[in-house]
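Below you'll find the structure, written out as structure tokens, and then a few comments.
The values are calculated or read from the model by the stated rules, or taken from the named source; none is laboratory data. What you see is a predicted model; the values in this text were computed from it and never measured. So basically every Cβ, Gly included, is an ideal-geometry build from the backbone, and we count neighbours across all protein chains shown.
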Amino acid sequence: MALSNPPSPAMQKDMHVWNHFGRVISKRERHHQSNLCCHSSSTTKESHFLRTPPISSNSLYEASSFTSFHGVGCFRKLLPRRGFGYYCLDTKDFSASCGSKFQLDDVIESQQFDTDILNGIFEVAYEMEKIEKNSPGSNMLKGYLMATLFYEPSTRTRLSFESAMKRLGGEVLTTENAREFSSAAKGETLEDTIRTVEGYSDIIVLRHFESGAARRAASTANIPVLNAGDGPGQHPTQALLDVYTIKREIGRLDGISLGLVGDLANGRTVRSLAYLIAKYQKVKIYFVAPDVVRMKDDIKTYLTSMGVEWEESSDLLEVASRCDVIYQTRIQRERFGERMDLYEGARGKYIVDRKVLDVLPKHAVIMHPLPRLDEITVDVDSDPRAAYFRQAKNGLYIRMALLKLLLLGW
Amino acid sequence: MALSNPPSPAMQKDMHVWNHFGRVISKRERHHQSNLCCHSSSTTKESHFLRTPPISSNSLYEASSFTSFHGVGCFRKLLPRRGFGYYCLDTKDFSASCGSKFQLDDVIESQQFDTDILNGIFEVAYEMEKIEKNSPGSNMLKGYLMATLFYEPSTRTRLSFESAMKRLGGEVLTTENAREFSSAAKGETLEDTIRTVEGYSDIIVLRHFESGAARRAASTANIPVLNAGDGPGQHPTQALLDVYTIKREIGRLDGISLGLVGDLANGRTVRSLAYLIAKYQKVKIYFVAPDVVRMKDDIKTYLTSMGVEWEESSDLLEVASRCDVIYQTRIQRERFGERMDLYEGARGKYIVDRKVLDVLPKHAVIMHPLPRLDEITVDVDSDPRAAYFRQAKNGLYIRMALLKLLLLGW
Amino acid sequence: MALSNPPSPAMQKDMHVWNHFGRVISKRERHHQSNLCCHSSSTTKESHFLRTPPISSNSLYEASSFTSFHGVGCFRKLLPRRGFGYYCLDTKDFSASCGSKFQLDDVIESQQFDTDILNGIFEVAYEMEKIEKNSPGSNMLKGYLMATLFYEPSTRTRLSFESAMKRLGGEVLTTENAREFSSAAKGETLEDTIRTVEGYSDIIVLRHFESGAARRAASTANIPVLNAGDGPGQHPTQALLDVYTIKREIGRLDGISLGLVGDLANGRTVRSLAYLIAKYQKVKIYFVAPDVVRMKDDIKTYLTSMGVEWEESSDLLEVASRCDVIYQTRIQRERFGERMDLYEGARGKYIVDRKVLDVLPKHAVIMHPLPRLDEITVDVDSDPRAAYFRQAKNGLYIRMALLKLLLLGW
């Protein structure tokens, strides 16, 4: 197998990109302290790169040894260049789809996302939707190992992340209840646990009961950390899947009218959604909440500062008739403590039922972060505008996209 | 790669079968709402089919994109036909082993099985036995994801299902204790949970503490549901593996003599076994039970109606000398409540020990659904007629067969 | 594809080895009762062998059917020989790297290892280090299924074993809390559980709360058993990774000076480490422990009998200045019962901090079995001589090596 001509200028540019590939690589590099590999993948083509420590410039590296790792590869020979990085030669199938770095090292909180990143993630999520529907057996993340470190149980979120990893060909180390992790019980710090677990995996999905835990884990870890909820803190993948669902269901995010209903005081999801949707143009938000759980002032102030029109209403039907999206939430009983009277009063006040459907525009949808109790009646489920199970499914696509982006880049 | 001649009549017939493929497809279709794929596999040959929504009749679909999903495929080109379905062209390796639909959408209860289906399943289970012994790395279910949703722990059953899936190349999302599923704890219905989990997987194995739960799950799910035991209700895979074990050990089911021993009142397994074995010809059943846990009248009446001879006996040795199969069961302490005196009285009454082996015919076997306490003495284990661990292993083959049939058809 | 010449004498010798392959095979043989396969692998080449029951001498066996199981194979044809075993023909890529039997059937206790086996394991572990760093997607154990049967939770050990299996391409059946295994709760013996689980897997990793449980499991199982800690008994993989870490960090084991610090009375790890390191030449050991948890006499007597110099000291700084390795351990609060005053007194006595680093030789390292509390201060972590997280990572390589050796041989 003879070498072909030297790399074209276009390829050289890719190699340059590669040489400055940045963070995803450098996390793995610090971690493995030696050879690195990465691949970038679009739906139809895959290109692979392998980087080793500086070796003499006339030695050749057989790509075959690692293409068996990432599935079918398109490189035949890799010619080492000065220091790190490789020319790629003899690659007639090659298309210059060199993966470029994902801007984020870790996914910790909604504040990390601007509209550019959001739109990019949504495009990848849409690709993932096609991958999952057409060929469930993708090998994109073959050879990668994800550790799900759950300090409080959340089967829905855990299964969604694990499904995302496996749908892309990756593998999972799972912990349903890391709080009973014998080491944590013995007094080990989260940081020490992370430094151990990062030795066994390539990416960590962390669910913790303490606000800020994900940030601490990320600053310790030499591999990417994904926050799957940290107590009263953030749950960024839920926020992303909510915005993505609006985009997929309504077709746009600018100019959207959104009714947030239910427990707006305690609902982490509605607060994050309000925060993210405010980044888009001409958004209108209606708050429909029982008095005891009204939206707090910090979000209202923020919305005003972002130029978002908002108003409070006690008329769900009127709001429903004007909205593109009704986002219903569960009244969180666990936040009421002994005040069951307040809970019961708040609980039945705003129910999404057939009467709401009757006034809801045809193009509009009803969303809910799930689980629901009876704040949406079961007879709503069969209406095409009931989007909440599609919304749950979108969580899979968003998580597939984030895993791909954090491990492989764009 | 040129197209070959149009499909032969035999192929067209297959395509016809395919066009009416039915339920397995339609579940996935409703689920994915777009493209569908399926494959059928015998031990040595595999054929693959891909169905997409109606497209124009002269467009071609490259099979390669999905054969990478299901492993080595034998189709080269697929030519779309009217509406759904495809001609298959240019397939010199093709053998018309078109998978036909499995009669069942879900596996919920023993009543679903007639002798035709039973015998068919047993043939597939026997194939699975060969696959597991000769090539543990089958890729038959590669790309498929099974969710094990266990609302009560049952490690034996769970490991058996998960091993079955992995021995066929499939992947597993596991939940050891879904009852603490935060959503269930928050009051989510089983139906809502199923509609979420079906978005993350291709088949659900459900163990639940409520009778009828599996049926409710199946009527909600757009993907197949396998009942792995629903409280005091059914545990159909146990019943199937019991009958399969008799067939494998004795060589036939018609004309079998069967001694059911122990807790016949509470034992779900003996009741199901009696129910299924009655479908075969010239079966004779002996009941050997302490008075407090005698077989109930409903099964006796049913057996008589099916033409099965049965009698009750208190002489285990005499029964053992006449039987092809002694099926021993554990006295279920948990059903006696406060009456420990009754439990202790029942417990030691009928023990399978060396004395039973002495009178048991050479060709006969001893079975037990496990776990056992001391109702079979440990010195029996080394006798070749002790079949209970082989019986447990048969559970693997039966579950491999059911997963294959529900996901791929015959 | 024509057959090449008959096997060379060197190959015949390999075949002879193969015919007497012994235990690993015979466990699988007894288990599967029919065909057997095995492969041996060095870093760059892999050779595969398949054994079937005696068949006629002129039948040929196509290796392709099993190379698809074990990945890329180098045999083209296998020619059956008298009885069991095969000539290998037409194998131009063949190198006589025929796997020979691993001396151990199971890994149960430190006493199984002499220096020859230890050095062999360490060589394989070093290969595993390269495999994990360069190509995380090894297929060496593809098709193998490991059951992790944990009767007490130990997430660190469990994740480490599961990562090891998955890094080599194997699959895992996992049980986080087998003590609630419904069968164990119902009174099933460990032996019965093992005989069931061995039907679903190829190797069992057992963590149990009773000393001696692993040995009982191993004597029952027809597949290899790995002890992942049995109560107050043994935890041999921890002992191996400790010795391996010294070898990797310092470069040798003979002539090593070792300071064992902390809870020497209760620490299973320091006792095992002392036991194993004593097998090497010219070892010097310092014991630095609070009075209530001093090293016990049995180990001291053993060390003397092995010609190991040892002394007790209460001056951590002086010991640190003379040692190649300071092995710090946690004072085990759970062993003090009500005597919290004794615990508190022992706990703060010997802390590894910057002052220890100041006197520690440049080439020396600090080790710790983890988890740690405050017996090593956090500011030590950034010193290159802090080896404890590398030590935890070495656990992965040791476990990869043992899985490979038990399943595939050398």
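A few points about this structure:
- Scanning segment C:391-410 for residues that are out of contact with any helix residue (DSSP H, G or I) (no Cβ under 7 Å at 6 or more places or on another chain) and either within 12 Å of chain A (Cβ to nearest Cβ) or under 22 Å from C:V359 (Cβ atoms) (or both) returns a single hit, C:K393.
- Test result for B:R354, at pLDDT 95 or above, in contact with a helix residue (DSSP H, G or I) (Cβ under 7 Å, 6 or more places away or on another chain) and loosely packed, with under 14 Cβ neighbours inside 10 Å: yes
- Within segment B:222-252, the residues that satisfy the criterion of being crowded, with 23+ Cβ neighbours inside 10 Å and under 25 Å from A:R390 (Cα atoms) are B:I223, B:P224, B:V225, B:L226.
- Any chance A:R339 is outside the structural domain of A:D106 (by TED's automatic domain parsing) and modelled with pLDDT of 95 or more: no
For every residue, the table says whether it meets (1) more than 8 Å from chain C (Cβ to nearest Cβ); (2) more than 19 Å from the chain's Cα centre (by Cα); (3) closer than 24 Å to A:A392 by Cβ; (4) among the polar types (S, T, N, Q).
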position	(1), (2), (3), (4)
A:G143	no, yes, no, no
A:E162	yes, no, yes, no
A:L168	yes, no, yes, no
A:V172	yes, no, yes, no
A:T175	no, yes, yes, yes
A:G187	no, yes, no, no
A:T196	no, yes, no, yes
A:H208	yes, no, yes, no
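- Residues that are part of a loop (DSSP other than H, G, I, E, B), touching a Lys or Arg at 6+ places or on another chain (Cβ under 6 Å) and either under 23 Å from C:L408 (Cβ atoms) or assigned by TED's automatic domain parsing to the domain that holds C:G345 (or both) occur at least once in segment C:191-206.
- Only helices (runs of 4 or more DSSP H) whose full extent lies in segment A:286-371 are considered here, and the ones with at least 1 residues that are in contact (Cβ under 8 Å) with a residue 24 or more places away in the chain and within 15 Å of A:D383 (Cβ to Cβ) are A:316-322, A:354-359.
- Pairs meeting the criteria (first residue in segment A:115-138 and more than 9 Å from chain B (Cβ to nearest Cβ) and in a helix (DSSP H, G or I), second residue of a type in the set (S, T, Y) and surrounded by fewer than 21 Cβ atoms within 10 Å (Cβ to Cβ), beta carbons under 6 Å, at least 6 apart or on different chains) are A:E127/A:T43.
- Condition met for B:E210 (among the charged types (D, E, K, R), touching a Gly at 6+ places or on another chain (Cβ under 8 Å) and farther than 21 Å from C:L173 by Cα): yes
- Of all residues assigned to segment A:391-410, none qualifies as being of a type in the set (K, R) and either touching a Lys or Arg at 6+ places or on another chain (Cβ under 9 Å) or in a loop (DSSP other than H, G, I, E, B) (or both).
- Selection count where residues are hydrophobic (A, V, I, L, M, F, W, C) and either surrounded by fewer than 23 Cβ atoms within 10 Å (Cβ to Cβ) or outside the structural domain of B:L373 (by TED's automatic domain parsing) (or both), scope segment B:254-282: 5
- Breaking point among (1) of a type in the set (D, E); (2) within 14 Å of chain B (Cβ to nearest Cβ); (3) within 30 Å of A:N227 (Cβ to Cβ), for A:D374: (3)
- Checked against (1) farther than 20 Å from C:P224 by Cα; (2) part of a helix (DSSP H, G or I); (3) more than 15 Å from the chain's Cα centre (by Cα); (4) within 11 Å of chain A (Cβ to nearest Cβ), C:P153 passes all but condition (2).
- Test set (1) at pLDDT below 95; (2) of a type in the set (F, W, Y); (3) farther than 17 Å from A:G187 by Cα - C:Y327 fails condition number: (1)
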